[in-house]
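The values are calculated or read from the model by the stated rules, or taken from the named source; none is laboratory data. Worth saying up front: this structure is predicted, and the values here are computed from it rather than measured. Note that each Cβ is placed from the backbone with ideal geometry, even for glycine, and that neighbours are counted across all protein chains shown. The protein model used for the area step is the full one, side chains on, heavy atoms only, and it has no ligands, DNA or RNA in it. Shrake-Rupley method; radii C 1.70, N 1.55, O 1.52, S 1.80 Å.
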Amino acid sequence: MFRKIGIFLQMIKFEHTVFALPFAFMGTLLGAVTVNHSMPTWAQIGWVLIAMFGARSAAMGLNRLIDRASDAKNPRTANRAIPAGLLKIGEVIIFIIASFALLFWASSQLNSLSMKLLPIAVVMLVFYSFTKRFTWLCHIVLGLTIALAPLGGWVAVTGKVDAAAWVLFGTIVFWVAGFDIVYACQDVEFDTKEGLNSIPVRFGVANSLKIAQAFHIITAVGFIGLLLLSQLGWWYIAGMVIAYLILFYEHYIVSPADLSRLQTSFFTMNGVLSIVVFSFTLIDLVVQ
């Protein structure tokens, strides 16, 4: 049983939760303090955590299920659970249904707007996995999907969407899309051969890295906009500076001629960035 649980966690890349979860909690904290002028309750934090786990598990399960044929052909992904025969399709389907049920349950414990917006989240979670088949804008769609985490956290504690929430949403859209473009550079040859779409396939690696840089400049501007629209102060500014240095470094270590440190740029640095921004936001709000 424990081995099977481990395989499921490996399938959904549980360790990659570090990308979205800190920003989901950041949206929760900012919404509570900015709108309600108080910290979120532990119950609200718990339901946001459960909703996040359900949403991300369902999305990753769907992605692995839908992409199982192409994953089997790609040497980089051939050892994933489904193509490697470690999980049966029926098991993955049950896992996806259970994950969506968890998301619905958690959302029902929050507020009416959370439930009203839930169908949009479900559609985006399902839709993303098909986008590489027909558009090179798939990275933007992924950004729109993952950015629902901080927006959902905000809605969970406020029951509404404010200007600051939209700025946070947009900031995360371009952050995710930027690093996903960098990540996709390693699969250009395979995606081209299989007829799959991406910005690297459409514009080439060199131009794609420039596009990713432009997206992350928008992210940097978004962090400043969030500062202007919220009650954040010097601690947040310190975290923002560190985040800018991280963004600069992750682009510095990747070039069209050398993608050898792409995994460091994609996973390590972006995971650190999300934790840093959330941690300094938390400190800022606590010490006020």
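Scoring 121-134, 58-71 by mean Cβ neighbours within 10 Å over their residues and listing the highest first yields 58-71, 121-134.
According to the square roots a ≥ b ≥ c of the eigenvalues of the Cα gyration tensor, what is the shape class of the range 146-201, taking rounded for a/c under 1.5, prolate for a/b larger than b/c otherwise, and oblate for the remainder? Taking the square roots of the gyration eigenvalues as a ≥ b ≥ c, the range 146-201 is prolate. The alpha carbon centroids of the range 251-288 and the range 202-220 are separated by 16 Å.
Across the options THR28, ALA51, GLY61, the greatest Cα extent toward the positive end of the charge dipole of the range 2-136 (unit charges at beta carbon of Lys, Arg, Asp, Glu) belongs to GLY61. Values of log10 I(q)/I(0) for the range 1-133 across q = 0.09, 0.20 Å⁻¹ run -0.31, -1.19, by the Debye formula with one identical scatterer at each alpha carbon and no solvent.
Within the range 165-288, the ratio Rg/Rh, alpha carbon atoms throughout and Rh by Kirkwood, equals 1.04.
Cross-link check: pairs LYS13/LYS132; LYS13/LYS210; LYS13/LYS88; LYS132/LYS193 evaluated at a Cα-Cα cut-off of 23 Å; pairs beyond the cut-off: LYS13/LYS210.
For the range 106-217, the residue among ILE211, PHE174, VAL122 whose Cα projects farthest onto the positive side of the dipole built from Cβ charges is VAL122. Within the listed set ALA78, ALA156, ALA51, the Gaussian network model of the chain (springs between alpha-carbon atoms below 10 Å) gives the highest mean-square fluctuation for ALA78.
This model, with +1 at the C-beta of Lys and Arg and -1 at the C-beta of Asp and Glu, gives the range 180-229 a dipole about its Cα centre of some 220 debye. Dividing the summed -39500 (n - 2.57) terms of all DSSP H runs of n ≥ 4 by the residue count of the chain sets its mean residue ellipticity at 222 nm at -23500 deg cm²/dmol.
The candidate values were (1) 53, 42, 33; (2) 51, 41, 40; (3) 57, 44, 36; the one computed from these coordinates for Cα extents along the principal axes in Å carries the label (1). Charge dipole (Cα centre; +1 on Lys/Arg Cβ, -1 on Asp/Glu Cβ; no other charges) of the chain amounts to roughly 620 debye. Mean Kyte-Doolittle hydropathy of 0.0 or higher plus an axial Cα length of 30 Å or more: which whole DSSP H helices in the chain meet both? Sorted by number, the helices that extend far enough and score high enough are 42-66, 163-184, 205-229. Take the chain with all the other protein chains still there, run a 1.4 Å probe, and you get 46 Å² of accessible area per residue.
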